[in-house]
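The values are calculated or read from the model by the stated rules, or taken from the named source; none is laboratory data. For clarity, every value in this text was computed on a predicted model and none was experimentally measured. A quick note on method: Cβ atoms are made from the backbone with ideal geometry, for glycine too, and the neighbour counts reach across all protein chains shown.
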Amino acid sequence: MNKTKGCLIANFATVPLVVPVGLHKAFPEEIRGELMSLSAFIDEIKKLYW
């Protein structure tokens, strides 16, 4: 079992990678589709709590 300070590595699979839109091009093209902009993240949080 792979562990990182008591957490399974698989637990991180559901954590969004929030990156400002201006920095998306700095990431490899293969993962850009998985990136979330800060504004999209804020919108998701608002939906959960407002």
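Things to note:
- Near pairs, Cβ below 7 angstrom, 6+ apart or cross-chain, from the range 23-37 (surrounded by 10 or more Cβ atoms within 10 Å (Cβ to Cβ)) to any residue that is in a helix (DSSP H, G or I) and of a type in the set (Lys, Arg): 24/32
- Of the residues making up the range 13-42, just one is touching a strand residue (DSSP E or B) at 6+ places or on another chain (Cβ under 9 Å) and among the polar types (S, T, N, Q), namely 37.
- All positions within the range 1-35 that are at pLDDT below 70 and in contact with a helix residue (DSSP H, G or I) (Cβ under 7 Å, 6 or more places away or on another chain): 2
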